[in-house]
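Below is one structure; the comments refer to it alone.
The values are calculated or read from the model by the stated rules, or taken from the named source; none is laboratory data. On a predicted model such as this, the values are computed, not experimentally measured, just so you know. Here the Cβ is made from the backbone with ideal geometry for all residues, glycine too, and neighbour counts use every protein chain on show. Keep in mind that these areas ignore ligands, DNA and RNA; they rest on the heavy atoms of the full protein, side chains included. Shrake-Rupley method; radii C 1.70, N 1.55, O 1.52, S 1.80 Å.
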Amino acid sequence: MARKPMSIQIEETLQESFKLKCKCNSLKYSDVAEALLQSYVDGKIDVRVEMKYTVTPKTL
């Protein structure tokens with residue numbers, strides 16, 4: 001199967017932590033990311049993204 005580069009934007013500290021965790025487990029982070037993507041496509045994991053806003057009134 002052909003391999004294709006993928007570029008994504010993620011929070012900087014999350015990326016650093018992810019790469020460090022992969023390194024500590026002697027894994028390439030691209031292999032771990034690919035396994036996570038495949039698990040999602042195969043329906044083995046679900047992802048829920050929540051955005052929450054809080055509005056509070058100003059004191060006049």
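Things worth noting here:
- The range 4-60, residues that are among the β-branched types (Val, Ile, Thr) and in a loop (DSSP other than H, G, I, E, B): Ile8, Ile10, Ile45, Val47, Val49, Thr54, Val55, Thr56, Thr59
- Of all residues in the range 22-49 being open to solvent by 100 Å² or more (accessible area, probe 1.4 Å) and among the hydroxyl-bearing types (Ser, Thr, Tyr), the one that is modelled with the highest pLDDT: Ser26
- The condition (being open to solvent by less than 100 Å² (accessible area, probe 1.4 Å) and free of Cβ contacts under 8 Å to residues at least 24 places away in the same chain) is satisfied by just one residue among Lys19, Lys58, Lys52: Lys19.
- The set of residues in the range 2-16 that are surrounded by 10 or more Cβ atoms within 10 Å (Cβ to Cβ) and farther than 13 Å from Ala33 by Cα contains only Glu16.
- Residues located in the range 41-58, provided they are under 19 Å from Met1 (Cα atoms) and not β-branched (Val, Ile, Thr): Asp42
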